[in-house]
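Working notes, structure below.
The values are calculated or read from the model by the stated rules, or taken from the named source; none is laboratory data. Treat the numbers as computed from the prediction; the structure is a model and nothing was measured. A quick note on method: Cβ atoms are made from the backbone with ideal geometry, for glycine too, and the neighbour counts reach across all protein chains shown.
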Amino acid sequence: MYETTYHRPKSLAEAASLFSSSGDATYISGGHTLLPTLKARLAQPANLIDLRHVPELKGLQVTGDTVTIGAATTHREVAMSADVKKAIPTLAALAGSIGDPAVRHLGTMGGSVANNDPAADYPAAVLALAATVSTNKRQIAADQYFTGLYSTSLEEGEILTKVAFKAPAQSGYAKFRNPASHYPMAGVFVAKHKDGSVRVAVTGAGNNGVFRWKAAEEALAKNFSADALKGLTVDKAGMMGDIHGSAEYRANLVAVMARRAMENLGKLTM
Amino acid sequence: MGVEGIGARVARKEDKRFITGKGRYTDDMKVPGMHYAAFARSPHAHARIRSIDTSAAKAMPGVDGVLTGTELAADGIGNLICGWMIKSKDGTPMKMGAFPALARETVRFVGQPYAVVVAATQAQARDAAEAIVVDWEELPAVIDLNYAIKKGTLQLHPEAENNVIYDWELGDSKAADVAFAKAAHVTKLDLVNNRLVPNAMEPRAALGVYDTGDENYTLWTTSQNPHVARLVISAFYNVAPENKLRVIAPDVGGGFGSKIFIYPEEIVCLWASKKTGVPVKWVADRTEAFLTDAHGRDHITHAEMAFDADNKMLGLKVDTIANFGAYMSLFSSSVPTYLYATLLSGQYVIPAIHANVRAVYTNTSPVDAYRGAGRPEATFVMERLVETAARELGVSPAELRRKNFVRTFPYQTPVIMTYDAGDYEASLNAAMQAADYAGFGQRKLEAEKRGKLRGIGMSCYIEACGIAPSAAVGSLGAGVGLWESAEVRVNPIGTVEVLTGSHSHGQSHETTFAQLVSQRLGLPIENISIVHGDTDKVQFGMGTYGSRSGAVGMSAIFKALDKVEAKAKKIAAHLMEASEGDIEISNGEVRVAGTDKKLPWVSVALGAYTGHNLPAGMEPGLKEGAFYDPTNFTFPAGCYICEVEIDPQTGHTEIVQFVAADDFGKLINPMVVEGQVHGGIAQGVGQALMEACHYDTETGQLITASYNDYTMPRADDLPSFKVSTTETICPGNPLGMKGCGEAGAIGSPPAVINAITDALGDNSITMPATAEKVWRLAQKATMRQAAE
């Protein structure tokens, strides 16, 4: 690791002003991607601004059909929340399946969604649950938020503050984990919303990050059952390939995980 | 058996400090004025160094010095050696290329060090290492093993034509040809034994201290054999004379073979301490561990086994190419030869065997011994062949093995080894019973109903431990003897210290060695301390590897205890006016048999040291040493059965049952033995299912250089193992022990692969059997079934 200065701002305003005044700064909120990068000397920000202790970013609440999670809320807090478990059990289960206990106690929802690792779990939930991403400047609809690998519509210095997830009528999440990292190689989140619309979001597999599988959405909108997915496949041309699995294999996993999510609604399957 | 003696499940004495964070590892060592080393490492798999400019690095804050291969050579620091001479079948010695501790002209693998920076802090040392400027001339990388030996491929070392280090054979090729000519059936297989990264929990580290006052050197290092390190550093690397060099291997967090070898960093830290005038510490980060710890395995093999019409084995032919990486590591040459081909008779009577082995250079990390070292590779060849043959011949795998087992001992194989004792059918029967082998068909049907493919596979391994006797290994090319030494010191108030040349880095010696003393002297184990890992304390020793510390290390203690006991009895007989032959030692007391005369043990110990009343002419003191050189290898053997369920839609393989029935001879502590077997199986399952070492074949970059990509087995990848032991006593050492440290890693990979190929009905899968590979074959199997 190169020398860096660690900051722990006590308010959102302080965090934003630290960022703009310090010139070379990076936000950190859990650091499960950033810290290994720093340790390997692959990045050298002069300043690290830790968002995990900013009070405005903490906490979660359920009002009506909306589950709002503060950016600095840990995966463990989401996984253990009785309110989240009741409103969107699949979301609590997803949070409880990220990494291992040490990761879940440190890693935050906001860190994951802002980083947009193509193999992270949360982006699938954000897309499938038609979430609204709030920042210190504006609100962004999920469909406009993710823009590619590790890329989002967040602007330089903009801070993700909270995400409001829509509680669906039914949902399921199935993933097949990378054997080494335990990130999903294919994770499929299916949700039938209360207005009858269906969203299917795929993480871990696409070569441009998380995406909505429109063909599956259309099929499930007509018939919300696993059978509706029979014979449906994603094009392997849009899939990632690496030493753990070719694009063709990932395309197969997407189809299998979508089916398993539908066969196990209300919970996590892996 | 006493409560703490031989055979007792005593809890490990060393665990208190390990689990409370009180272990003292090399990185915990701090000496006044200590500074830090950072190594500049090659970013290229193959390149010439046109020039190195260290001026900017030398000017960086905190820097004590920047040293390159030029200074190293100027000081006469020797190139790294390989300690086992192998001769090719044409009689020529192995073709070893120069391996300097810091590369001077050419780098041959990513991560090879070419310079070192010593600075006040670790960060300063790293910053300065990055400021070293090298003018590289990149050269093509030779990665693929078959490509490396092709005529016309770029030659990596001037000494090794076609990149072949040796072309060696064992056995009788004419006899094998004759056997194959009369075969009723021949089973043929092409096998890959995948390259593994050792992944000890504690990365390698070194702290070199040069004392200008006495001109003494001290090296703290993560070593499995500190005395061998001192010997090699003194005799070959010219860093320090033996009497001026102290090597200390304190607590060491796992080795698995990778800490046997003397690495460039240890030599350089010691030398750099003198050059810079400060104590120099280096601790590998995990990336350095992936790139520079000697890797394991990496063979490709073609093998054929011939059977007669009665399914009796007639002959075996094995042709292996072994990847040595860019340089020959310390014991690399012995691994695919005398630790591999000598085990190719397996548990079977095979009249004619021939093995040919070519060792080859590539632009990859050096490869050397890793848990099992040669024996897992041999077992994989044998047990994949036998299981495949059973399927081809339409007989049960157990019956084919039973028909061919060695049943009379001693048994001379056609490949050097003389098996001394064993009962292979006993292990087979025990394992089959524990696995409910007969009920497998039912379980397979039940799994089919759940959409799962279930398979069962077996592996009957034999291995050779306690490599010895010294004269025999010497005649085969070893540069060292493979005996062990011990000293037993009884203190004046009766407590005991055992100084051993073995080194514990996870093997529980502090407990098991104490159990032996407890058994012999009737003392509680807390009164017995085990001293190891320091060349200034322990007389000499060969260290711990090859599952040798029980059979060889404890035998030396046993011999020293004989002498202590004999002297103690003489003293006791004198004090109690009895005959020496009537003295018994038990429960902390010394008694005259058949009488009520007795003395506490402490009286004898104290008597020995006061010297007030000793037999005429006896020297005071109660301290004896012994060297033990075994008469033969030991031959642990056993049967492993693995049962898997495959999800055909994803290719995920779940190990639903794993049974091990091992014959390790006499056990000192069954709980410790089980722990060794568990760990070994986890590593074997890792090799079979997960651990893949990927190099980019164009650039030679190690793709799997972190845990994000290199798959280690986790607890939830493994079932709860069913382990048991059978026992035939090893006649080659006084305790009847065979060794248990490597068996799990040796026996398990073929059992797993045999189970997967059984489930898939397809024999073509290579290790590691990753989910995608399994999925592709499962698709084929499903299509085959649909067609039927």
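Structure notes:
- Boolean, residue B:713 is of a type outside the set (Asp, Glu) and more than 14 Å from every other protein chain (Cβ to nearest Cβ): no
- So residue A:6, is it loosely packed, with under 13 Cβ neighbours inside 10 Å, of a type in the set (Phe, Trp, Tyr) and either within 14 Å of another protein chain (Cβ to nearest Cβ) or within 21 Å of residue A:105 (Cβ to Cβ) (or both): yes
- Against the test of being away from chain A (no Cβ under 14 Å) and either among the hydroxyl-bearing types (Ser, Thr, Tyr) or within 30 Å of residue B:628 (Cβ to Cβ) (or both), the options B:729, B:753 yield a single qualifying residue, B:729.
- Just one of the listed residues (B:665, B:611, B:607) is away from chain A (no Cβ under 14 Å) and within 20 Å of the chain's Cα centre (by Cα), and it is B:665.
- Screening residue B:458 on (1) under 25 Å from the mean Cα position of the chain (by Cα); (2) over 30 Å from residue B:331 (Cβ atoms); (3) without any contact (Cβ under 8 Å) to a residue 60 or more places away in the chain shows it passes everything except condition (3).
- Some residue of the stretch B:185-196 being out of contact with any Ser or Thr (no Cβ under 9 Å at 6 or more places or on another chain) and farther than 30 Å from residue B:685 by Cβ: yes
- Residues that are outside any loop (DSSP other than H, G, I, E, B), surrounded by fewer than 19 Cβ atoms within 10 Å (Cβ to Cβ) and modelled with pLDDT of 95 or more, drawn from the stretch B:716-733: B:717, B:722, B:724
- The lone exception for residue B:398 - which of (1) of a type in the set (Gly, Ala, Ser); (2) over 20 Å from residue B:315 (Cα atoms); (3) crowded, with 19+ Cβ neighbours inside 10 Å it fails: (2)
- Hits in the stretch A:213-238 (condition: within 22 Å of residue A:166 (Cβ to Cβ) and buried (at least 20 other Cβ atoms within 10 Å of the Cβ)): A:213, A:216, A:219, A:220
- Against the numbered list (1) out of contact with any Ser or Thr (no Cβ under 8 Å at 6 or more places or on another chain); (2) more than 12 Å from chain B (Cβ to nearest Cβ); (3) assigned to a helix (DSSP H, G or I), residue A:259 comes up short only at (2).
- Looking only at the stretch B:115-137, and only at residues there that are touching a Ser or Thr at 6+ places or on another chain (Cβ under 6 Å) and surrounded by 18 or more Cβ atoms within 10 Å (Cβ to Cβ), the one that is nearest to residue B:69 (Cα to Cα): B:115
- Residues in the stretch A:9-30 that are surrounded by 14 or more Cβ atoms within 10 Å (Cβ to Cβ) and at pLDDT below 95: A:22 alone.
Residues checked against (1) part of a loop (DSSP other than H, G, I, E, B); (2) within 14 Å of the chain's Cα centre (by Cα):
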| position | (1), (2) |
| --- | --- |
| A:124 | no, yes |
| A:172 | no, no |
| A:182 | yes, no |
| A:186 | no, yes |
| A:195 | yes, no |
| A:215 | no, no |
| A:228 | no, no |
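- Residues that are among the hydroxyl-bearing types (Ser, Thr, Tyr) and farther than 15 Å from residue B:77 by Cα within the stretch B:218-242 comprise B:218, B:221, B:222, B:223, listed in sequence order.
- Number of positions in the stretch B:142-163 that are closer than 28 Å to residue B:764 by Cβ and hydrophobic (A, V, I, L, M, F, W, C): 5
- Among the helices (runs of 4 or more DSSP H) confined to the stretch B:105-181, the ones with at least 2 residues that are within 14 Å of chain A (Cβ to nearest Cβ) and either under 29 Å from residue B:86 (Cα atoms) or in contact (Cβ under 8 Å) with a residue 40 or more places away in the chain (or both) are located at B:122-130.
- Residue among B:102, B:72, B:67, B:80 that alone is among the hydrophobic types (A, V, I, L, M, F, W, C) and part of a strand (DSSP E or B): B:67
- Selection status of residue B:515, touching a residue at least 12 places away in the same chain (Cβ under 8 Å), part of a loop (DSSP other than H, G, I, E, B) and touching a Gly at 6+ places or on another chain (Cβ under 9 Å): no
- Residue B:615 closer than 30 Å to residue B:476 by Cα and not aromatic (Phe, Trp, Tyr): no
- Restricting the stretch B:517-534 to residues that are buried (at least 23 other Cβ atoms within 10 Å of the Cβ) and farther than 14 Å from residue B:489 by Cα, the residue that is nearest to the chain's Cα centre (by Cα): B:533
Let's see how each residue does on (1) over 30 Å from residue A:12 (Cα atoms); (2) touching a helix residue (DSSP H, G or I) at 6+ places or on another chain (Cβ under 8 Å); (3) touching a residue at least 60 places away in the same chain (Cβ under 8 Å); (4) within 14 Å of chain B (Cβ to nearest Cβ):
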{"site": "A:167", "(1), (2), (3), (4)": "no, yes, yes, no"}
{"site": "A:199", "(1), (2), (3), (4)": "yes, yes, yes, no"}
{"site": "A:209", "(1), (2), (3), (4)": "no, yes, yes, no"}
{"site": "A:212", "(1), (2), (3), (4)": "yes, yes, yes, no"}
{"site": "A:233", "(1), (2), (3), (4)": "yes, yes, no, yes"}
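- Residue B:788 being among the charged types (D, E, K, R), within 14 Å of chain A (Cβ to nearest Cβ) and over 29 Å from the mean Cα position of the chain (by Cα): no
- Any hit, the stretch B:693-707, residues being within 14 Å of chain A (Cβ to nearest Cβ), assigned to a loop (DSSP other than H, G, I, E, B), acidic (Asp, Glu) and surrounded by fewer than 24 Cβ atoms within 10 Å (Cβ to Cβ): yes
- Across the stretch B:443-473, the qualifying residues are those that are more than 20 Å from residue B:741 (Cα to Cα) and charged (D, E, K, R), and the one among them that is surrounded by the fewest Cβ atoms within 10 Å (Cβ to Cβ) is B:449.
- Counting only residues that are within 14 Å of another protein chain (Cβ to nearest Cβ) and either part of a strand (DSSP E or B) or among the basic types (Lys, Arg) (or both), the stretch B:615-657 holds 4 of them.
- Residues of the stretch B:272-317 satisfying the condition of being within 28 Å of the chain's Cα centre (by Cα) and either in a loop (DSSP other than H, G, I, E, B) or over 26 Å from residue B:768 (Cα atoms) (or both): B:281, B:282, B:283, B:284, B:285, B:293, B:294, B:297, B:298
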